[in-house]
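Scroll down for the structure; my scribbles are underneath it.
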Amino acid sequence: MIVDTHIHLDDKSYFDDLDDVIQRATSNSVNGALIPGADPKDLPRAVEICEKYDNIFFAIGVHPYHVRDFDLEYLKSFASHPKCIAVGECGLDYYRLPEGESEKIEEKKIQKEVFIAQVALAIELDKPLIIHIRDASADSKEILINHEAKKIGGVLHCYNASDILLELDKHGFYFGIGGVLTFKNAKKLVEVLPKIPLEKILLETDGPYLTPHPHRGKRNEHAYTRHVLSKMSELLEIDENQLEEVITQNTNTLFKEFS
Ligand SMILES: [Zn+2]
């Protein structure tokens with residue numbers, strides 16, 4: 001069995017057929033999922049899903065696109081829920097910065113402050129981090145190292161793979177590999193993959209986004225984690241069952257709550 005360590009099951013695109021989505025995952029032996037926090041107003045929905053289904057957990061956090069809605073006390077009010085197992089997804093995203101120079105600087109400043117606050121929250125709660133990094137590798141790495149994220153570690157949701165992040169494996173970080181690996185233009189991730197220590201690889205979909213081949217263009221779901229695993233097995237030349245075993249072990253080491 002495998003676990004999808006990053007899927008937004010609280011997204012509205014799953015509202016109508018979540019039972020079927022979970023059923024399809026189960027029949028593909030994808031028996032667990034972690035819902036990262038992105039937009040804080042979706043948190044009650046994530047809680048509702050986790051209370052209904054076994055082996056589905058959630059994280060409290062604010063995605064860099066929602067930094068203006070960051071409210072520490074609100075996030076903390078969900079922290080003691082038995083299914084809250086991580087903090088994130090938090091991080092830096094410089095892909096969609098505003099036009100003007102001073103607006104750019106201001107946006108980066110807010111993103112950094114909110115990111116640092118969430119690293120501190122994870123340390124306080126003793127829960128691992130789920131990190132989102134896009135076009136901001138150097139700044140993200142600096143924050144994680146300077147703010148001692150090492151104390152709790154976590155997973156880098158790294159569809160925007162970069163060599164400079166690899167060093168973070170020494171700081172307790174795992175690397176979440178998703179559907180981008182199956183894309184024809186995934187050159188960077190394909191190059192980086194063999195450099196990641198095998199015991200630091202996790203699987204994710206980032207559903208409903210980044211749907212892997214051969215379902216590209218459709219909504220993503222955690223059953224498709226299987227396509228990522230197959231592609232990874234082909235690229236690394238490791239038997240798929242063996243790889244599945246290693247990744248399951250990795251998942252249970254970082255997120256002990258999965259069974
Ligand atoms: Zn995400």
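Selection of segment 192-211 for residues being of a type outside the set (Asp, Glu) and more than 16 Å from the ligand (Cβ to nearest atom) yields VAL192, LEU193, PRO194, LYS195, ILE196, PRO197, LEU198, LYS200, ILE201.
Condition first: of a type outside the set (S, T, N, Q), assigned to a helix (DSSP H, G or I) and under 20 Å from MET1 (Cα atoms). Now tell me which residues in segment 19-53 satisfy that. Matches in segment 19-53: ASP19, ASP20, VAL21, ILE22, ARG24, ALA25, CYS50.
When only residues in segment 1-18 that are assigned to a loop (DSSP other than H, G, I, E, B) and either among the polar types (S, T, N, Q) or away from the ligand (no atom under 14 Å from the Cβ) (or both) count, which is surrounded by the most Cβ atoms within 10 Å (Cβ to Cβ)?
Among those that are assigned to a loop (DSSP other than H, G, I, E, B) and either among the polar types (S, T, N, Q) or away from the ligand (no atom under 14 Å from the Cβ) (or both), it is THR5.
Could you go through segment 79-92 and let me know if any residue there is surrounded by fewer than 17 Cβ atoms within 10 Å (Cβ to Cβ) and without any contact (Cβ under 8 Å) to a residue 24 or more places away in the chain. Within segment 79-92, one or more residues are surrounded by fewer than 17 Cβ atoms within 10 Å (Cβ to Cβ) and without any contact (Cβ under 8 Å) to a residue 24 or more places away in the chain.
For segment 66-78, the set of residues classified as in a loop (DSSP other than H, G, I, E, B) and either under 18 Å from the mean Cα position of the chain (by Cα) or touching a residue at least 40 places away in the same chain (Cβ under 8 Å) (or both) consists of PHE70 only.
Let's see how each residue does on (1) touching a Phe, Trp or Tyr at 6+ places or on another chain (Cβ under 9 Å); (2) of a type in the set (A, V, I, L, M):
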residue: LYS188; (1), (2): no, no
residue: LEU198; (1), (2): no, yes
residue: ASP206; (1), (2): yes, no
residue: THR211; (1), (2): yes, no
residue: LYS218; (1), (2): no, no
residue: GLN242; (1), (2): no, no
residue: PHE255; (1), (2): yes, no
residue: SER259; (1), (2): no, no
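Just one of the listed residues (GLU234, GLU244) is over 21 Å from PRO128 (Cβ atoms), in contact (Cβ under 8 Å) with a residue 60 or more places away in the chain, of a type in the set (Asp, Glu) and more than 16 Å from the ligand (Cβ to nearest atom), and it is GLU244. Taking segment 191-200 as the range and being in contact with a strand residue (DSSP E or B) (Cβ under 8 Å, 6 or more places away or on another chain) and among the β-branched types (Val, Ile, Thr) as the test, only ILE196 passes.
Of the residues screened, LEU43 is not one that is under 19 Å from ILE177 (Cα atoms), within 15 Å of the ligand (Cβ to nearest atom) and surrounded by 19 or more Cβ atoms within 10 Å (Cβ to Cβ).
Here is a yes/no grid of residues against (1) in contact with a Ser or Thr (Cβ under 7 Å, 6 or more places away or on another chain); (2) closer than 20 Å to LYS200 by Cα; (3) among the β-branched types (Val, Ile, Thr):
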{"position": "PHE58", "(1), (2), (3)": "no, no, no"}
{"position": "TYR95", "(1), (2), (3)": "no, no, no"}
{"position": "GLU99", "(1), (2), (3)": "no, no, no"}
{"position": "GLU103", "(1), (2), (3)": "no, no, no"}
{"position": "ILE133", "(1), (2), (3)": "yes, yes, yes"}
{"position": "LYS141", "(1), (2), (3)": "no, yes, no"}
{"position": "ASN146", "(1), (2), (3)": "no, no, no"}
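Evaluate segment 29-39: report whether one residue or more is crowded, with 24+ Cβ neighbours inside 10 Å and either hydroxyl-bearing (Ser, Thr, Tyr) or away from the ligand (no atom under 16 Å from the Cβ) (or both). Yes, there is a match, as at least one residue in segment 29-39 is crowded, with 24+ Cβ neighbours inside 10 Å and either hydroxyl-bearing (Ser, Thr, Tyr) or away from the ligand (no atom under 16 Å from the Cβ) (or both).
Note on segment 223-243: residues that are on the phi < 0 side of the Ramachandran plot and surrounded by fewer than 18 Cβ atoms within 10 Å (Cβ to Cβ) amount to 10.
Return yes when ILE85 is closer than 16 Å to GLU124 by Cβ, in contact with a Lys or Arg (Cβ under 8 Å, 6 or more places away or on another chain) and at pLDDT 95 or above and no when it is not.
Criteria met by ILE85.
Within segment 126-171, the set of residues being more than 16 Å from the ligand (Cβ to nearest atom) and either within 15 Å of the chain's Cα centre (by Cα) or under 26 Å from LYS231 (Cβ atoms) (or both) comprises LYS127, SER137, GLY153, SER162, ASP163, ILE164, LEU165, LEU166, GLU167, LEU168, ASP169.
The values are calculated or read from the model by the stated rules, or taken from the named source; none is laboratory data. No experiment lies behind these values; they were computed from the predicted model shown. Glycine gets a Cβ as well: all are built from the backbone with ideal geometry, and neighbour counts include every protein chain shown.
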